[in-house]
Amino acid sequence: MLKNHFKIALRNLRRNRVFSLINILGLSTGLAACLLIAAYVQEETHYDRFAARAKDIYRVDLSVTEGNLANYPMVDVAVGPGIAASLPGVETSTRLSRLGDNFVRYGTRQFKEQKFVVVDSNFFEIFTLPFLEGDVHTALTRPNSLVITKALADKYFGTASALGKSLDLQFFGNCTVTGVIDKIPDNAHFHSDAFLSFSSLKFREYTWSNVGFYTYLLLNPQTDPKKLQARFPELVAKYAVPEIARDMGVPLAEAKKAVNTFVFSLTPLTAIHLRSDTKYELEANGSTRYVLIFSALAVFILLLACANFTNLSTASAAGRGKEVGIRKVLGSLKKQLIAQFITESILLTGFSMVLAFVLVLLFLPYFNLVSGKHIVFWSFLGFPALIAASVLTVIVGAAAGIYPAFFLSSFNTIKVLKGSIEGGRRSLLRSSLVVFQFAVSIALIVATLVVYRQLHFMQDRRLGYDKDQVLFIQDANLLGNNQEAFRQQLLRDKRVVNASISWSVPGGGSMNGTEVYPKQAGPGNGREIHANIYQIDDHYVPTLGLQLVKGRNFSPDFPTDSSGVLINETAVEDLGWSQTDPIGKTIVRSGLREYKVVGVVRDFHYLSVKEKIAPLMLLLGNNLGGIIVKINSTDAADFLRDTRQRWAAFSPAGPFSYFFLDDRFASLYISEQHTGRLFTAFTIIAIVIAGLGLFGLAAYMVGRRTREIGIRKVLGASIRSVLILVSKEFLLLVGVAFLIAAPSAWWGMSQWLQEFAYRAPISWWIFPLAGTAALAVAVLTISFQAAKAATANPVDSLRSE
């Protein structure tokens with residue numbers, strides 16, 4: 001019986017080539033999009049699962065809730081071992097800390113490395129990464145031991161064994177390679193090339209009240225993390241509070257208030273990528289919201305393809321009516337007819353799935369480019385993936401074919417043999433499906449426009465500083481005492497407007513933070529706040545075009561500026577000075593260091609525009625490791641060549657490296673750029689699927705009304721009136737789709753925009769633009785069939801009847 005079903009199904013697919021082709025193209029496009037999104041979601045939701053006991057690993061985070069809220073994915077050096085030693089249920093802890101840029105020398109070769117970290121000796125026992133060389137248990141037990149990736153080993157040592165060889169690190173001297181791993185998996189929340197033993201660091205004191213170490217706890221499987229977390233305030237009171245009292249110069253009783261504002265918490269390792277989003281993450285994380293959005297997109301696109309199948313199948317019902325009637329007369333049962341039609345649907349879906357895999361192979365490089373992923377095609381050919389694809393084929397085939405199957409099998413035998421088929425409910429279903437298809441398409445067009453509008457808003461927003469033609473020269477600390485001499489030489493170039501020595505640049509993340517309070521009030525009055533710190537020189541403000549709203553800039557004419565500070569307007573507000581003049585007032589930071597306010601700079605976006613501007617302190621420093629150069633030249637390449645030669649003339653230990661501030665600024669919005677590109681791609685897919693379905697329906701409707709159109713033309717109907725006759729029903733449905741899609745899209749994108757501190761309004765013109773675009777697609781789709789019907793010779797039309 002099943003074999004017979006397949007034979008008949010193949011015959012019907014061949015007989016209805018046009019409808020079969022449209023269905024296969026629509027379904028394969030929808031399935032390909034669904035497969036790609038499924039791979040994206042799989043990648044996003046399976047981060048950090050490579051660790052053998054990933055479910056038992058938790059990261060210790062810190063929230064400082066006094067004043068403005070500050071969240072950190074890291075804690076102080078003593079916190080991890082202290083928790084493990086003090087609380088039952090914790091098997092062990094491990095730490096990771098970034099080393100920043102490091103110049104590494106091997107023989108005569110030297111490279112600048114940026115992905116070096118320091119870790120505890122048990123790091124690779126918790127994050128179970130297999131060793132290609134060395135012993136995982138002993139590799140990091142000694143000072144100046146180094147575990148590196150195979151890629152780094154090949155870079156320095158070629159095909160020779162790396163084990164036992166030494167690399168000269170800028171700040172640590174000779175370090176011995178004691179282990180080699182393959183690589184960090186792509187779906188990990190950290191990626192490093194080299195891991196230095198923790199014992200290489202020299203600590204004078206192990207403290208609790210600062211940050212800087214990404215700390216992970218391995219819990220006993222029976223341990224309840226919530227109950228464990230509930231005991232953290234005990235440790236804060238025992239260890240952190242005395243340090244806070246000492247550093248802030250307050251009585252112990254006063255510092256005990258920090259128990260409620262200095263909060264340790266636990267984040268599951270497997271939740272870091274999607275649920276943790278602080279500005280201090282090891283890498284930019286994903287978002288649960290985006291996973292849900294793209295999962296919904298996959299479902300909607302698949303529903304669009306299924307709607308096409310249902311629409312075209314019911315529309316072509318008249319062509320199958322006599323077949324159904326004859327089969328019923330010959331004794332076919334209704335369930336046999338249903339099985340036949342669902343078999344046809346599953347077979348067609350199977351063909352579509354095969355074509356979908358071909359489309360995935362063709363478009364996977366582009367998908368990786370726009371999504372920022374590294375998905376390989378072979379991942380779609382694994383046994384679990386193929387089983388999932390097979391199940392999806394059956395489900396989609398059955399879902400798409402079930403209504404047409406019941407609809408066709410329910411025909412009245414006598415009526416269909418006489419050529420009469422009821423069409424009221426069928427017409428309503430077709431109309432509803434067209435409305436659904438175009439409502440989804442219009443909503444996606446609106447979403448795409450809003451995403452790009454928000455992206456341009458962030459990039460074009462007035463930042464409060466000048467990012468254009470600003471060059472940042474890295475590693476100026478390699479010049480030693482010649483930093484100022486190099487700056488002066490740059491200033492003698494007519495293309496240089498100004499130059500400043502500082503490694504703190506907007507968007508660069510090169511800053512520290514501290515708790516501060518106004519001396520006049522003292523801590524504990526609700527005005528203690530967390531402020532970020534930039535170390536700058538007296539040329540920083542004019543070089544970046546920052547605006548002073550009160551007071552003055554740092555100046556060599558004032559020796560006391562070494563204990564002075566510039567603060568931004570947000571710091572003035574949070575310190576409670578908005579109604580008074582802050583100039584001359586004193587700020588106290590941890591360690592009881594006092595700074596006198598000499599000036600207030602207008603708020604500027606020193607972090608991403610996605611984040612609300614936070615309090616900022618600008619402190620005077622020396623030999624700060626970077627040089628910011630404002631240039632005025634149409635030939636940046638020529639200026640860079642000359643600057644590289646000047647750098648070489650000073651013979652620093654490292655190569656000339658740089659970036660432009662506007663490029664760094666643009667890199668802050670990579671996630672939004674990927675989102676915009678994905679929305680664009682899936683919007684195009686949705687429109688293509690909707691257009692295919694509309695094309696098929698238009699072809700069918702024109703074919704059904706050939707005689708009517710011929711009679712109308714004989715009676716004097718114009719081409720224009722025939723075009724309107726054929727088109728108006730579909731255009732009306734697009735209008736209904738717009739009325740449904742507009743409020744839904746507005747609500748959805750309003751929710752998406754809530755994650756941005758500064759956001760562009762959803763302008764009214766976006767909706768008519770999206771509706772017009774969908775209307776244009778509909779007109780273009782049906783125009784061919786409408787024009788063909790309108791210009792046909794009525795004699796031929798009537799003869800065909």
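The set of residues from region 38-81 being under 30 Å from L302 (Cα atoms) and not acidic (D, E) comprises A38, A39, Y40, V41, Q42, T45, H46, Y47, R49. Restricting attention to region 70-112, the residues that are farther than 21 Å from L235 by Cα and either of a type in the set (D, E) or open to solvent by 20 Å² or more (accessible area, probe 1.4 Å) (or both) total 12. Within region 82-133, the set of residues being more than 24 Å from R231 (Cα to Cα) and among the charged types (D, E, K, R) comprises R98, D101, R105, R109, K112, E113, K115, D120, E125, E133.
With respect to the conditions (1) assigned to a helix (DSSP H, G or I); (2) modelled with pLDDT under 80; (3) open to solvent by 10 Å² or more (accessible area, probe 1.4 Å), T680 lacks only one, and its number is (2). Contact map, region 541-566: residues that are under 14 Å from G464 (Cβ atoms) paired with residues that are in a helix (DSSP H, G or I), Cβ distance under 7 Å, separation 6+ or inter-chain. Pairs shown: L548/V541; V549/E569. Right, G173: at pLDDT below 95, closer than 20 Å to Y214 by Cα and open to solvent by less than 50 Å² (accessible area, probe 1.4 Å) or not? The answer is no for G173. Filtered by the rule that a residue be touching a residue at least 60 places away in the same chain (Cβ under 8 Å) and either closer than 26 Å to T278 by Cβ or open to solvent by 70 Å² or more (accessible area, probe 1.4 Å) (or both), region 749-779 gives M749, W752, L753, E755, F756, A757, Y758, R759, A760, L769. Checked against (1) modelled with pLDDT of 90 or more; (2) surrounded by fewer than 15 Cβ atoms within 10 Å (Cβ to Cβ), G591 passes all but condition (1). State the number of residues belonging to region 126-157 that are under 30 Å from the mean Cα position of the chain (by Cα) and surrounded by fewer than 17 Cβ atoms within 10 Å (Cβ to Cβ). Residues flagged as under 30 Å from the mean Cα position of the chain (by Cα) and surrounded by fewer than 17 Cβ atoms within 10 Å (Cβ to Cβ) within region 126-157 amount to 4. Evaluation of D466 against the conditions (1) open to solvent by less than 40 Å² (accessible area, probe 1.4 Å); (2) assigned to a loop (DSSP other than H, G, I, E, B); (3) at pLDDT 80 or above shows that the sole unmet condition is (1). What number goes with the only condition from (1) open to solvent by 30 Å² or more (accessible area, probe 1.4 Å); (2) more than 11 Å from K630 (Cβ to Cβ); (3) at pLDDT 90 or above that F486 does not pass? Going through the list (1) open to solvent by 30 Å² or more (accessible area, probe 1.4 Å); (2) more than 11 Å from K630 (Cβ to Cβ); (3) at pLDDT 90 or above, F486 breaks only (1). Applying the criterion of being surrounded by 19 or more Cβ atoms within 10 Å (Cβ to Cβ) and under 19 Å from L87 (Cβ atoms) to the residues of region 240-265, the residue that is modelled with the highest pLDDT is F264. When the residues of region 289-316 are filtered to those that are at pLDDT below 85 and among the polar types (S, T, N, Q), the one that is farthest from A389 (Cα to Cα) is S316.
Counting only strands (runs of 3 or more DSSP E) wholly contained in region 570-653, the ones carrying 3 or more residues that are over 23 Å from A485 (Cβ atoms) occupy 586-589, 593-601, 616-620.
Quick one: in region 182-199, of everything that is over 20 Å from H273 (Cα atoms) and out of contact with any helix residue (DSSP H, G or I) (no Cβ under 7 Å at 6 or more places or on another chain), which residue is most open to solvent (accessible area, probe 1.4 Å)? Here the residue is S199.
State whether one or more residues within region 113-121 are of a type in the set (A, V, I, L, M, F, W, C) and surrounded by fewer than 20 Cβ atoms within 10 Å (Cβ to Cβ). No, that holds for no residue.
This table checks each residue for (1) of a type in the set (D, E); (2) modelled with pLDDT of 85 or more; (3) open to solvent by less than 30 Å² (accessible area, probe 1.4 Å); (4) not in a helix (DSSP H, G or I).
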{"site": "K373", "(1), (2), (3), (4)": "no, no, yes, yes"}
{"site": "I387", "(1), (2), (3), (4)": "no, yes, no, no"}
{"site": "T393", "(1), (2), (3), (4)": "no, yes, yes, no"}
{"site": "Y403", "(1), (2), (3), (4)": "no, no, no, no"}
{"site": "F406", "(1), (2), (3), (4)": "no, no, no, no"}
{"site": "R425", "(1), (2), (3), (4)": "no, no, no, no"}
{"site": "L428", "(1), (2), (3), (4)": "no, no, no, no"}
{"site": "V434", "(1), (2), (3), (4)": "no, no, yes, no"}
{"site": "T448", "(1), (2), (3), (4)": "no, yes, yes, no"}
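Of all residues in region 450-467, those that are aliphatic (A, V, I, L, M) and more than 14 Å from V609 (Cα to Cα) total 2. Checking each residue in region 94-121 for being modelled with pLDDT of 90 or more and of a type in the set (F, W, Y) picks out only F116.
Matching residues to (1) closer than 22 Å to Y465 by Cβ; (2) basic (K, R):
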{"position": "R602", "(1), (2)": "yes, yes"}
{"position": "K612", "(1), (2)": "yes, yes"}
{"position": "A637", "(1), (2)": "no, no"}
{"position": "A648", "(1), (2)": "no, no"}
{"position": "F656", "(1), (2)": "no, no"}
{"position": "F660", "(1), (2)": "yes, no"}
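The values are calculated or read from the model by the stated rules, or taken from the named source; none is laboratory data. Keep in mind it's a predicted model, so treat the numbers as computed, not measured. Backbone-built Cβ (ideal geometry, glycine too); neighbour counts: all protein chains shown. The protein model used for the area step is the full one, side chains on, heavy atoms only, and it has no ligands, DNA or RNA in it. Shrake-Rupley method; radii C 1.70, N 1.55, O 1.52, S 1.80 Å.
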